[in-house]
Amino acid sequence: MSAEFWASVERIRAQDGRFARDAYAFVMDSLEFSMRQVGERRHLSAAELVQGLLANARLRFGLFAYTVFAKWGLRTSDDVGDIVFQLIDAGILSRQESDTRADFDGVADFREALEASALDAEG
């Protein structure tokens, strides 16, 4: 991540400190991860980004994925929407005219999604 990215994150966090610095970096990393999953660089829907983020978390953090997310302040897809739109407002990400913050609402509850996958891994 560039110095410009981190400076933007610090400005965002000075106004809204709900999310850890690493949450912003992980959302950006998951955007790249999600594009690799779909096989092309293109606009992603909120659902595609959230599903990619969850897959990335399972891969990177395994059974501890929800614990990491909770520490960062990420509990639902709504939180990812907040981060994405903060990054859009900061000029780090762009959006299509049809994109709205509400697109992220209710896509996934991270405790449910990540703990269910942890149980599947154990069983």
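The values are calculated or read from the model by the stated rules, or taken from the named source; none is laboratory data. The structure presented is a predicted model; accordingly, all values stated were derived computationally and were not measured. Methodologically, a virtual Cβ is constructed for each residue, glycine included, from the backbone with ideal geometry; neighbour enumeration extends over all protein chains shown. Surface accessibility is based on the protein's heavy atoms, side chains included, excluding ligands, DNA and RNA. Shrake-Rupley method; radii C 1.70, N 1.55, O 1.52, S 1.80 Å.
Could you do me a favour and compute the accessible area per residue for the chain, 1.4 Å probe, result in Å²? Don't skip to the end; give the middle numbers.
Details: 6780 Å² over 123 residues.
Per residue, the chain has 55 Å² of solvent-accessible surface.
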GNM top mover of Thr67, Thr76, Thr100 - the chain, alpha-carbon springs below 10 Å: Thr100
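Within the accessible area of segment 8-85, what % is carbon and sulfur when the probe is 1.4 Å and the other protein chains stay in place? Kindly include the intermediate steps, with their values, before the conclusion.
Values: 1960 of 3770 Å².
Accessible surface attributable to carbon and sulfur in segment 8-85 totals 52 percent.
Within 10 Å, at most 16 other Cβ atoms, and a DSSP state outside H, G, I, E, B define an exposed site. Report the longest part of the chain free of exposed GluC sites (Glu not before Pro). Display every interim value, and only then the final one.
Working: sites that count: Glu40, Glu97.
Looking at the chain, 41-96 is the longest stretch - no exposed GluC sites (Glu not before Pro) with at most 16 other Cβ atoms within 10 Å.
Could you rank Tyr66, Tyr24 by how accessible they are, 1.4 Å probe, largest area first? Display every interim value, and only then the final one.
Values: Tyr66 25, Tyr24 0 Å².
My answer, sorted largest first, is Tyr66, Tyr24.
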Mean-position separation - Cα centroids, segment 72-105 and segment 1-58, in angstrom: 9
Global size of segment 47-89 as Cα Rg and Dmax, reported in angstrom: 10.6, 33
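Taking trypsin sites (Lys or Arg not before Pro) as exposed when DSSP calls them loop (any state but H, G, I, E, B) and at most 10 other Cβ atoms lie within 10 Å, what is the longest stretch of the chain free of them, the sites themselves excluded?
Numbers: sites that count: Arg41, Arg42.
With a cap of 10 other Cβ atoms within 10 Å, the longest stretch comes to 43-123.
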Of Phe33, Ala3, Ala55, farthest towards positive along the dipole that unit charges on Lys, Arg, Asp, Glu beta carbons give the chain: Ala3
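Can you give the alpha-carbon Rg of the chain over 2.2 N^0.38 Å, where N counts its residues? Kindly include the intermediate steps, with their values, before the conclusion.
Details: Rg = 14.0 Å, N = 123, 2.2 N^0.38 = 13.7 Å.
Compared with the compact-globule rule of thumb, the chain sits at 1.02.
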